[in-house]
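Before any comments, here is the structure.
The values are calculated or read from the model by the stated rules, or taken from the named source; none is laboratory data. Computed from a prediction, not measured in an experiment: that's the story for all the values here. Methodologically, a virtual Cβ is constructed for each residue, glycine included, from the backbone with ideal geometry; neighbour enumeration extends over all protein chains shown. Just the protein is used for accessible areas: all its heavy atoms, side chains included, with ligands, DNA and RNA removed. Shrake-Rupley method; radii C 1.70, N 1.55, O 1.52, S 1.80 Å.
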Amino acid sequence: MVFNQNKTPVYFKDKLIYFPVENKQGTNDSGIQNLKRKIISTAQKCKTTFGSKIPFSWIQIQDAIINLRQNTKDIEFCVTLEQLPASFRKFFICSNWSKETLNYFHEKGLIIYVDKGQDSELSEWVLLKPSLLVDVIIQLVTPRADDEMISEHGFSRDWTLLHNTGMLTESLLRNILSKLQENEEAMKGFLEEYDIISPLFYNVTNEKEETKVTHFVPSLLPMSVDGNIQVWHNEPTDKRLFVFFKRFLPEPVFHHLLSRAHRLSMAEFPNGQPVICRNVGRFWFSPIQPYRLLLLKKENMIEVTFSCRLVLEGYIIR
């Protein structure tokens, strides 16, 4: 929003993220009219999906999934493909459980099914209640009060470690997942798939020696501010490129990149392990090629810096 000389707000109608509305004017309000036009324009772009034919059995499956969620007694919502038909015998018998069916309901947000091919163990699982994943996320990112941590039967240090450093211990993760009474490995796999948590490929020292740090939570990592965490040594030979986001850069997009970049840095670390902060990270394309990801939030940009100092057989090549 900007203001003209008369201090009257002027709106750029073609580039609005939010639509200001004056309720007193009803449908004559320009904000409401702009919103209507935007809804119609967006709907027209999706018109290729209108009138598409789907099997009647899929509608029955949708109703059955909704009915299943209403029955919370002795129900498993995270099931294998083999167990899936048996979960609905109470409602109806259906043999139409193809991958196409599962992908359709996944796209609709009714279930979570990750189709990554036959070699993926996660692709053998279906989550019939996606809100369970949301419940875990809320538990992870919500700060614990002192009395809550004490009541967690010895997990006080684990919670403190998580919310101070973003590092997640194996024991705390299993404690959280065990409360769901669903398959823990599958639920952990879904959390990793969406980069809510990311596996660590290097050792982290923890004050509590009997616990092991196995993951980090990107959204809970500390910020690198005022040089308190040395991530990168700038060199004149460094090459930079910038990824511009036209109007909005959500932080979770950068967190997703941090997680994926870390997974791709599983090579031997010749000059130190990856350094990961919430707003910056140093990773490796190869044992001799480091790079940095830097979030420039105010500019809606991500900076990627490559080191061009390559060490080969004892020589430095620029």
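Of all residues being among the aromatic types (Phe, Trp, Tyr) and at pLDDT below 90 in the stretch 245-281, which is farthest from residue 164 (Cα to Cα)? Just the residue, please.
Residues of the stretch 245-281 that are among the aromatic types (Phe, Trp, Tyr), as a first pass: 245, 248, 254, 269.
Now drop any that are not at pLDDT below 90, which leaves 245, 248, 269.
On the way: 245: 30, 248: 28, 269: 25 Å.
Only one residue fits best here, namely 245.
Yes or no, residue by residue, for (1) at pLDDT below 90; (2) out of contact with any strand residue (DSSP E or B) (no Cβ under 8 Å at 6 or more places or on another chain); (3) surrounded by 13 or more Cβ atoms within 10 Å (Cβ to Cβ):
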{"site": "130", "(1), (2), (3)": "no, no, yes"}
{"site": "133", "(1), (2), (3)": "no, no, yes"}
{"site": "147", "(1), (2), (3)": "yes, yes, no"}
{"site": "155", "(1), (2), (3)": "yes, yes, yes"}
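If you go through the stretch 116-128, how many residues are at pLDDT 90 or above, over 12 Å from residue 62 (Cα atoms) and open to solvent by less than 70 Å² (accessible area, probe 1.4 Å)?
Of the residues in the stretch 116-128, the ones at pLDDT 90 or above are 121-128.
Now restrict to residues that are over 12 Å from residue 62 (Cα atoms): 121-127.
Adding the requirement that they be open to solvent by less than 70 Å² (accessible area, probe 1.4 Å) leaves 122-123, 125-127.
Count: 5.
When residue 305 is tested against the conditions (1) hydroxyl-bearing (Ser, Thr, Tyr); (2) surrounded by 15 or more Cβ atoms within 10 Å (Cβ to Cβ); (3) modelled with pLDDT under 90, the lone failure is (3).
Criterion applied to 39, 75, 65 was being assigned to a loop (DSSP other than H, G, I, E, B) and either surrounded by 10 or more Cβ atoms within 10 Å (Cβ to Cβ) or modelled with pLDDT of 70 or more (or both), and the one residue passing it is 75.
Mind checking whether some residue in the stretch 275-287 is more than 16 Å from residue 241 (Cα to Cα), under 18 Å from the mean Cα position of the chain (by Cα) and open to solvent by 40 Å² or more (accessible area, probe 1.4 Å)? Yes. Here is the figure for the stretch 158-191: residues that are under 22 Å from residue 224 (Cα atoms), assigned to a helix (DSSP H, G or I), aliphatic (A, V, I, L, M) and open to solvent by less than 10 Å² (accessible area, probe 1.4 Å) total 1.
Results for (1) open to solvent by 60 Å² or more (accessible area, probe 1.4 Å); (2) in contact with a Cys (Cβ under 9 Å, 6 or more places away or on another chain); (3) at pLDDT 80 or above; (4) outside any helix (DSSP H, G or I), shown as yes or no for each residue.
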{"site": "17", "(1), (2), (3), (4)": "yes, no, no, yes"}
{"site": "26", "(1), (2), (3), (4)": "no, no, no, no"}
{"site": "35", "(1), (2), (3), (4)": "yes, no, yes, no"}
{"site": "53", "(1), (2), (3), (4)": "yes, no, no, yes"}
{"site": "82", "(1), (2), (3), (4)": "yes, no, yes, yes"}
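In the set (1) at pLDDT below 75; (2) basic (Lys, Arg); (3) surrounded by 10 or more Cβ atoms within 10 Å (Cβ to Cβ), residue 45 fails one condition alone, (3).
Taken over the stretch 179-210, the residue count meeting the criterion of being modelled with pLDDT of 80 or more, polar (S, T, N, Q) and in contact with a helix residue (DSSP H, G or I) (Cβ under 7 Å, 6 or more places away or on another chain) is 1.
Could you please let me know if residue 89 is open to solvent by 20 Å² or more (accessible area, probe 1.4 Å), at pLDDT below 90 and closer than 30 Å to residue 221 by Cβ? Please lay out each step first, then the result.
Working: open to solvent by 20 Å² or more (accessible area, probe 1.4 Å): yes; at pLDDT below 90: yes; closer than 30 Å to residue 221 by Cβ: no.
Spelling it out, it is not the case that residue 89 is open to solvent by 20 Å² or more (accessible area, probe 1.4 Å), at pLDDT below 90 and closer than 30 Å to residue 221 by Cβ.
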